[in-house]
Amino acid sequence: MRSLIATQHSNDTQPKSAKSVGLGGIGRPSKHESADKHVSGEARYIDDNANIQGQLHAAVGQSTIAHGKIKHLDLSAVKAAEGVVEVITVADVPGHHDIGPVFPGDPVLAVDKVDYVGQPIFAVAATSHDLARRAVKLAKVDYQVLEPILSVKAALAKQSFVRPPFTMQRGDADSAIANAQHQLSGQIAIGGQEHFYLEGQVSSAVPTEDGGMTIFSSSQHPSEVQKLVAEVLNISLNKVVVDTRRMGGGFGGKETQAAPWACIAALLANKTQRPVKFKLSRVDDFTMTGKRHPFENSYQVGFDDQGQIKGIKIVVNGNCGYSADLSDAIVDRAMFHSDNAYYLDQASVTGNRCKLNTVSHTAFRGFGGPQGMMTIEMVMDDIARFLGQDPLAIRKINLYGQNQRNMTHYHQQVEHNKLAALIDNLEVSADYQARRVAITAFNTENTLLKKGLALTPVKFGISFTVQHLNQAGALVHIYTDGTIHLNHGGTEMGQGLFTKVAQIVAEEFQLDVDRVGVSATRTDKVPNTSPTAASSGTDLNGKAAQAAAKTIKARLISFACQHYQVTEAEVSFCNNQVKIAQQCFSFAEFVQQAYMARVSLSATGFYKTPKIHFDRSTAKGRPFFYYSTGAAVSEVIIDTLTGEYKVLRVDILHDVGQSLNPALDIGQIEGGFIQGMGWLTSEELVWDQQGRLLSNNPATYKIPAINDLPLEFNVALVPDDPNQEQTIYHSKAVGEPPLMLAISVWSALKDAIASVADYQFSPALDTPATPERVLWAVAAMQEKAQAAREDKKLGA
Amino acid sequence: MTLKAVRFLLNNDPVTLENLEPNLTVLQYLREQAFSTGTKEGCASGDCGACTVVVAQLNKDKTALNYKAINACISFVGTLHGKQLLSVEHLKQGATLHPVQQAFVDHHGSQCGFCTPGFVMSTFALHKQTPTPNREQVLTALAGNLCRCTGYRSIVDAALTTSELIESDSFTQQYQQTVAQLRAIHDLPGAELTHKQHQYYAPKNISQLAEKLMANPQATLVAGATDLALSVTQNLARIEDLVYLGDVAQLQEIEEAAGYIRIGAAVPYSEFTPLLAAQYPELGEMITRLGSRQIRNVGTLGGNIANASPIGDMAPTLIALGAKISLQLGDVERKIALEDFFLGYKKTALKAGEFIKNIYLPKAQSGQTLKVYKISKRIDDDISAVLAAFFIELKDNQVTQLRIAFGGMAATPKRALACEAALLNKTFTLDNISAAQQALSHDFQPLSDVRASDNYRMQVAQNLLKKCYLEYQNSNIATRVVNYA
């Protein structure tokens, strides 16, 4: 018989304080599980994996026009190019060629026609990355050019939609608006956003002996990659394994958008029976992958003298690009969040899913929610200026109530809502009122530079709005040295999911967190997983891992009861030890006893979110298990001669329930805020008249850099406020909600612009609010102020 | 007589490269030849800093090392000659993280970790040059590193952490040995690489350079490569004959004379900036926003000028200052006004085989002021929509001398002559400024592009003239958000 690994015998007769859990356990600011590897360069990403012998490199030939039929495709020069081993078109796909994730419409390689600039038409495998990229440029493609649709306006005019329009309503908005004391209307164009994960899209495919394929993919959704690879190769799912250790950033951009490159690598690997790596260059990544949806939204609102909304009609028009992708759910979420934190009373929200000849837009942190919220936050500012009130007062008066005024336009009751108190606390801690006075004084004294201040809230619904995705699985092994191996269906993209779930398992056994090892997410370890998305990673996978741990723990306790003839109450786990009545064992010692007694030390765990349901046919239900909330106060300064601006101070108070890891949660809040700020300020996607993306690299597309960090940045978690729902340790999801706190920056910019006309008018400010847009908004304010002065003179 | 090789230290190990593709970047070398994958490719265009490595380089008298962060993705491998290349793998000693690495861990400065090696290396270089950096120094040093996850606060905190351990790290311990090793390489003839038809040649003095260019006027001159390398990494060009200027001793000179400053064409920004900033503070400030630390550590004035970009920031500023440049062809040197150098879009007065040798700037005199405004979407590392430079001499509120130049407004960096005419020898009043603002529309018909519209460019150019005037009237009021603290 093989011997077991030597363990240290515990000499302690009494366990140490039950409260101290060494390095691990929930609620601690544990470092990211890969932090040491990140800083030393040892953390491996897919492009870092050692080249396997014979490995080839892929590239694709892309459409150069936005819409047209392929009349003739001449690939002879491509085939003859240096280093080229294989060239494939859609005719070489053995199985399905449509890789649409939810709805059909995304050919892996173009079928006879092209629908956007950058669409992959054919693929090459060559002996080097460089040679593959060179070869694809040699194709000759004859197109019959068709007229492209390149604006939301044109798409609406032609009723060009990727999915049918949809309306959510409660009550009779039209009459409520008509009967209200005041009416306003407005519209806004909201720009999209490139994910700019620092690690671009990359996959590698390695053929296996049974006609299968092992895929290494930088993907938020390994199970979907597995399914699509199996489908394009026409093989069964059990022959495909997808492995994702970590991503160099995802942000939603690797939810569906990772799959095409994995599929193309797999097709080439299958054809050549050699490993194939496909890494997109940064420009190709910009050109060929979907972005946050640009939206063009409008509203009509009726409100009373106090500024309280009585009725509202909102139309959100998402620019979905050429295919459905996830756009149905994304525009749904924009509609769900058209209330943000406010009671809309009689409301109608319509969402259009416009089809344009651009790349297909996709998930991005917030998933349509941010674009939905922008409209209602604009409404708040517009009502405030109309009534001559501070916008904060209007926001407060419109918040959802605790016991009344708490029904959303999709008929979910807003429960456990403490946003009003949160805002009051932030208003005090950020010294809002005193700063409002100081800023008004500053603006009176300064003609060139103007300051602005705004407080905006966030209420973000947590759960996938597609019900079946709200499930997760996990796999926990305990080895005979007392270490634990943990796998679950979630993927690590930097958010710290692996750290938090390891903490949860460590907590269950009261072990140091470094006893819990986490390896790559693999479809052969935990099957049929949902994407790591919708902020749900920890909520779902944490619960699943806890369930697995509890299963093993129950077996261990049962073993102890039998073996030592004690009751369950006499068995406890603490501080890397197991206490059984008066005896104390190190965890490893105890585990070895269990092993020798033939106790299974491996278990799976499963979780599904309770309570949620939504009936799309009636647009009623409870799509969200709970809401994450927070608020931010931003102060900006603008230059009225150039439109340049700077964010001076930001104060954030955010509710994560009982924090599983405050350091990681603060990191998500800060990072989400800055990313949201980039979306609304400097990150401008510019397409030309032919549908080509001009801002297709980091020289022309500017994500926030280090000097965009606010001069003062105060971020706090709401203390002692556990989630009232039964989430994992009563925590709350944190991935997406903080992004929308950045709406405060946009609103503060408008506040500064409004000061130019003494706050009499509400500036229109489409996003991103680049210096150019700010300057034009200032100019528009100056003209309105001038016109108002002239009106007054005439009146006098 | 040349070496037919490139020699450098990879950490402490001497490396000799022969028969290697000269178009290879340092990043490709590290990842594909040295199998050292800690350094990441984020953009391959010098815009994100994920590939940041540090080169330690001998100072002028070859007694000390300068640690410089550079973008490996746009540095050609030949430029490593005579330097020590340090990548993120070299910092950790055994199982112990370098203090800079430990600070990033302690402050939760990594999330996805992909940008982290670059941040660590930029911070390492900063701490080697400035052991106790303040916040402003940290922000300047890290402005060329993009992070999409953290929002930067934790990174700033990590970089502000100082530790006496840094001063006694392994690099300090090896210091004298490293200096000696690099000096030995330095005493060898210039570097040369040949691979197939591709050549790389690094002359060590100006006569070798002149001779090479006379023999092969088609050769491509490269200094910092911060723009040229993009033709390789982005446009997939292959440059056949590269001549590197960084080892030409005479092109590395800086001279402060009685009435002028002379800067060798191949002196990197980071080395000449302090001298310029002392003369013209606004120019110094602008340069901290020109590219990034990594770019300024290798980028040169000669390269910026020869590149003749209509959106470069230095050319309009130097034109406003009345800078001159000297050009050399064979052993014949000529000197021209910089504004006469730019003939059209990317067209210059350089003749075949000729190269830029020196840039001459007048020193500041009392009564004269240079005002520089850089307008871009982002504060850090962004190309200007408009760059405005106003050089004004006032006597008794009369404009006695004036040069106004803009970048981003025309196909070349260009003076606003009509605008100048509206102000020269006039009193410096708002009325005359208004006339000069109107005159700008005669000087320029700017274009719309990805950075700004034509209308915005014109409006901002006009407004900046007004801002310049207002700043003159009251130097105490805050007028620029970039500096607002």
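The values are calculated or read from the model by the stated rules, or taken from the named source; none is laboratory data. Being a predicted model, the structure only gives us computed values, none of them experimental. Positions of Cβ are generated from backbone atoms using ideal geometry, with glycine treated the same way; all protein chains shown enter the neighbour counts. For the accessible areas, the whole protein counts, side chains as well, though only heavy atoms, and no ligand, DNA or RNA atoms are used. Shrake-Rupley method; radii C 1.70, N 1.55, O 1.52, S 1.80 Å.
How many residues are within 30 Å of residue A:700 (Cα to Cα) and outside any loop (DSSP other than H, G, I, E, B) when one looks only at the stretch A:162-195? Walk me through it before giving the result.
Going residue by residue through the stretch A:162-195, those that are within 30 Å of residue A:700 (Cα to Cα) are A:162, A:187-195.
Okay, now just the ones that are also outside any loop (DSSP other than H, G, I, E, B), so A:162, A:187-190, A:193.
Result for the stretch A:162-195: 6.
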- [ ] Could you list all residues from the stretch B:460-485 that are more than 7 Å from chain A (Cβ to nearest Cβ) and either touching a helix residue (DSSP H, G or I) at 6+ places or on another chain (Cβ under 7 Å) or at positive phi (or both)?
- [x] B:461, B:462, B:465, B:469
Task: Residues located in the stretch A:55-72, provided they are in contact with a Phe, Trp or Tyr (Cβ under 9 Å, 6 or more places away or on another chain) and buried (at least 17 other Cβ atoms within 10 Å of the Cβ) - done: A:57, A:58, A:59, A:60, A:61, A:63, A:65, A:66, A:67, A:68, A:70
- [ ] Exactly one condition in (1) open to solvent by 10 Å² or more (accessible area, probe 1.4 Å); (2) closer than 14 Å to residue B:224 by Cα is not met by residue B:72; state its number.
- [x] (1)
Task: the stretch A:700-716, residues that are buried (at least 20 other Cβ atoms within 10 Å of the Cβ) and either in a strand (DSSP E or B) or of a type in the set (A, V, I, L, M, F, W, C) (or both) - done: A:703, A:705, A:706, A:709, A:715
Task: Subset of the stretch B:431-456 [in contact (Cβ under 8 Å) with a residue 12 or more places away in the chain, within 13 Å of chain A (Cβ to nearest Cβ) and touching a Leu at 6+ places or on another chain (Cβ under 8 Å)] - done: B:433, B:437, B:456
Open item on the list: Going residue by residue through the stretch B:330-347, is there one that turns out to be open to solvent by 10 Å² or more (accessible area, probe 1.4 Å), at pLDDT 95 or above, among the basic types (Lys, Arg) and assigned to a strand (DSSP E or B)?
Closed with: yes
Open item on the list: Name the residue that is farthest from residue A:593 (Cα to Cα), counting only residues in the stretch A:440-471 that are open to solvent by 10 Å² or more (accessible area, probe 1.4 Å) and hydrophobic (A, V, I, L, M, F, W, C).
Closed with: A:448
- [ ] Check the stretch A:201-220 and report whether any residue there is modelled with pLDDT of 95 or more, closer than 24 Å to residue A:667 by Cβ and open to solvent by 10 Å² or more (accessible area, probe 1.4 Å).
- [x] no
TODO: Please tell me if residue A:749 is open to solvent by less than 10 Å² (accessible area, probe 1.4 Å), at pLDDT 95 or above and within 13 Å of another protein chain (Cβ to nearest Cβ).
DONE: yes
Task: Subset of the stretch B:389-415 (residues that are of a type in the set (Gly, Ala, Ser) and either closer than 21 Å to residue B:367 by Cβ or without any contact (Cβ under 8 Å) to a residue 12 or more places away in the chain (or both)) - done: B:389, B:405
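Among the listed residues A:785, A:764, A:742, which satisfies the condition of being open to solvent by less than 50 Å² (accessible area, probe 1.4 Å) and more than 22 Å from residue A:534 (Cα to Cα)? Working first, answer last.
Numbers: A:764 fails: open to solvent by less than 50 Å² (accessible area, probe 1.4 Å); A:742 fails: more than 22 Å from residue A:534 (Cα to Cα).
Just one listed residue meets the conditions, A:785.
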TODO: Scan the stretch B:33-86 for residues that are within 17 Å of the chain's Cα centre (by Cα), farther than 25 Å from residue B:189 by Cα and of a type in the set (D, E, K, R) and jot them down.
DONE: B:47
- [ ] Search the stretch A:105-117 for residues that are closer than 12 Å to residue A:143 by Cα and pair each with any residue that is open to solvent by less than 10 Å² (accessible area, probe 1.4 Å) when their beta-carbon atoms are under 7 Å apart and the residues are at least 6 apart or on different chains.
- [x] A:113/A:68; A:114/A:63; A:114/A:68; A:114/A:121
Task: Selection count, the stretch B:307-320, where residues are at pLDDT 95 or above and surrounded by fewer than 24 Cβ atoms within 10 Å (Cβ to Cβ) - done: 0
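Sort out for me the strands (runs of 3 or more DSSP E) sitting completely within the stretch A:63-141 that have 3 or more residues that are within 27 Å of residue A:357 (Cβ to Cβ). Write out each step before concluding.
On the way: elements: A:68-74, A:84-88, A:120-126.
Output list reads A:68-74, A:120-126.
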Task: Extreme residue, nearest to the other protein chains (Cβ to nearest Cβ), among residues of the stretch A:486-525 that are surrounded by fewer than 19 Cβ atoms within 10 Å (Cβ to Cβ) and either β-branched (Val, Ile, Thr) or in contact with a Ser or Thr (Cβ under 7 Å, 6 or more places away or on another chain) (or both) - done: A:520
TODO: Taking residue B:353 as meeting all but one of (1) surrounded by 20 or more Cβ atoms within 10 Å (Cβ to Cβ); (2) in contact (Cβ under 8 Å) with a residue 60 or more places away in the chain; (3) part of a loop (DSSP other than H, G, I, E, B); (4) not aliphatic (A, V, I, L, M), write down the number of the exception.
DONE: (1)
Task: Count of residues meeting criterion [touching a strand residue (DSSP E or B) at 6+ places or on another chain (Cβ under 8 Å), touching a residue at least 60 places away in the same chain (Cβ under 8 Å) and open to solvent by 10 Å² or more (accessible area, probe 1.4 Å)] in the stretch A:652-676 - done: 4
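Does residue A:11 satisfy the criteria of being within 14 Å of chain B (Cβ to nearest Cβ), part of a loop (DSSP other than H, G, I, E, B) and modelled with pLDDT under 90? Give the steps one after another, and end with the answer.
Numbers: within 14 Å of chain B (Cβ to nearest Cβ): no; part of a loop (DSSP other than H, G, I, E, B): yes; modelled with pLDDT under 90: yes.
Taking the combined requirement at face value, the residue does not satisfy it.
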TODO: Looking only at the stretch B:39-49, decide whether some residue is assigned to a loop (DSSP other than H, G, I, E, B), over 28 Å from residue B:126 (Cβ atoms) and open to solvent by 20 Å² or more (accessible area, probe 1.4 Å).
DONE: no
Open item on the list: Quick check on my filter: what residues within the stretch A:105-134 are surrounded by fewer than 24 Cβ atoms within 10 Å (Cβ to Cβ), closer than 19 Å to residue A:203 by Cα and over 31 Å from the mean Cα position of the chain (by Cα)?
Closed with: A:127, A:128, A:130, A:131
Task: Test: residue A:275 is open to solvent by 10 Å² or more (accessible area, probe 1.4 Å) and touching a helix residue (DSSP H, G or I) at 6+ places or on another chain (Cβ under 7 Å) - done: yes
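Tally up the residues in the stretch B:438-458 that are in a loop (DSSP other than H, G, I, E, B) and within 27 Å of the chain's Cα centre (by Cα), please.
8
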Open item on the list: Name the residue that is most open to solvent (accessible area, probe 1.4 Å), counting only residues in the stretch B:360-389 that are of a type in the set (A, V, I, L, M, F, W, C) and away from chain A (no Cβ under 14 Å).
Closed with: B:364
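Can you name every one of the strands (runs of 3 or more DSSP E) wholly within the stretch A:526-644 that holds 2 or more residues which are open to solvent by less than 50 Å² (accessible area, probe 1.4 Å)? Before the answer, list the steps.
Details: elements: A:571-574, A:577-580, A:583-586, A:602-608, A:613-615, A:620-622, A:626-639.
Those strands (runs of 3 or more DSSP E) span A:571-574, A:577-580, A:583-586, A:602-608, A:620-622, A:626-639.
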Task: Contacts under 9 angstrom Cβ, first residue in the stretch A:632-649 being within 11 Å of another protein chain (Cβ to nearest Cβ) and at positive phi, partner part of a loop (DSSP other than H, G, I, E, B) and open to solvent by less than 10 Å² (accessible area, probe 1.4 Å), 6 or more apart - done: A:643/A:769; A:643/A:770
